[in-house]
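Structure record follows, encoded as structure tokens.
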Amino acid sequence: MLRACYCWASIVFFTIIFGIPATILSFIAPDKVLKYFVRPWSNLILRVCNIKVQLEGLENVPKGPCLIMFNHQSYFDIFAFAATLPFDWRAVMKKELALVPFFGWVAKATGHYFVSRDSSIRSFHEIDNVAKRIRLGHPVLIAPEGTRSIDGKLLSFKRGGFVLAMRAEVPVAPMVILGGKDVMPKGSMRIKPGNMKIKLLPAIDVKSLSSGKLGRDELLSLVKEALEKALVEGKRSEVAL
């Protein structure tokens, strides 16, 4: 209990310390915020909580605009990829997060994307606007489950991200995150020390798929299959250790 209080106090402290200058910088030089504030903030939180993150498969990230779709088990997934991914990225988040002090303010000012709780995008006009921004910008991270999994198994995928990928016509790279549920599972406030692993998988060329809903469903199946396979392999590795 004392350890959890220490970790949470540290998270709040570092969020305020980094959040104030990050909020100011986000309006002056938004492209500098990730490097100088978000990445160090995440690294410090992981260090204080005694969580180590291993990154693999960086060579699978396409050059230029793309979507990176990841499984979601824990709040610490965010700290893990924010600390370790060495390139500039943006993320698709729930609209409620835009209201979180410092975190939401910085995310909104630096060009992250916000969608409704069910991960839907309300109109084709909105889809086209977001797709256009993605084609011209940074890699975009999205959790197709829309929320965290309790047991680590993949939940049903929301279709919004796949519609967006087909409209944007950019490659989609699945990214598996292992260990999050052991560090801090959904529904718990306890933070355990441990190891996490992020593995980027080979990208999928959406232009090679069918058009329309058929292509969207093909993409959903391919991403789900890749993530499920990587999760199974991750469990086997843990058993082997």
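Every read-out reported here was derived from the displayed coordinates using simple, explicitly stated rules and does not represent laboratory data. No experiment lies behind these values; they were computed from the predicted model shown. FYI the Cβ positions are ideal-geometry reconstructions off the backbone, even for glycines, and counts take in every protein chain you see.
A few notes on this one:
- Some residue of segment 202-218 being in contact with a Phe, Trp or Tyr (Cβ under 8 Å, 6 or more places away or on another chain), surrounded by 18 or more Cβ atoms within 10 Å (Cβ to Cβ), under 19 Å from residue 157 (Cβ atoms) and touching a residue at least 12 places away in the same chain (Cβ under 8 Å): yes
- Screening residue 95 against (1) closer than 21 Å to residue 156 by Cα; (2) surrounded by fewer than 16 Cβ atoms within 10 Å (Cβ to Cβ); (3) under 14 Å from the mean Cα position of the chain (by Cα); (4) not hydrophobic (A, V, I, L, M, F, W, C) leaves a single unmet condition, (3).
- The residues of segment 168-200 that are farther than 19 Å from residue 93 by Cβ and among the basic types (Lys, Arg), listed by number, are 181, 190, 192, 197, 199.
- Qualifying residues in segment 55-90 (those that are part of a strand (DSSP E or B) and surrounded by fewer than 20 Cβ atoms within 10 Å (Cβ to Cβ)) - the one nearest to the chain's Cα centre (by Cα): 90
- Filtered residue count, segment 135-157, keeping only those that are assigned to a loop (DSSP other than H, G, I, E, B) and within 22 Å of residue 178 (Cβ to Cβ): 16
- Taken over segment 151-165, the residue count meeting the criterion of being more than 28 Å from residue 129 (Cβ to Cβ) and buried (at least 19 other Cβ atoms within 10 Å of the Cβ) is 1.
- In segment 166-177, the condition of being β-branched (Val, Ile, Thr), farther than 30 Å from residue 10 by Cα and crowded, with 18+ Cβ neighbours inside 10 Å is met by at least one residue.
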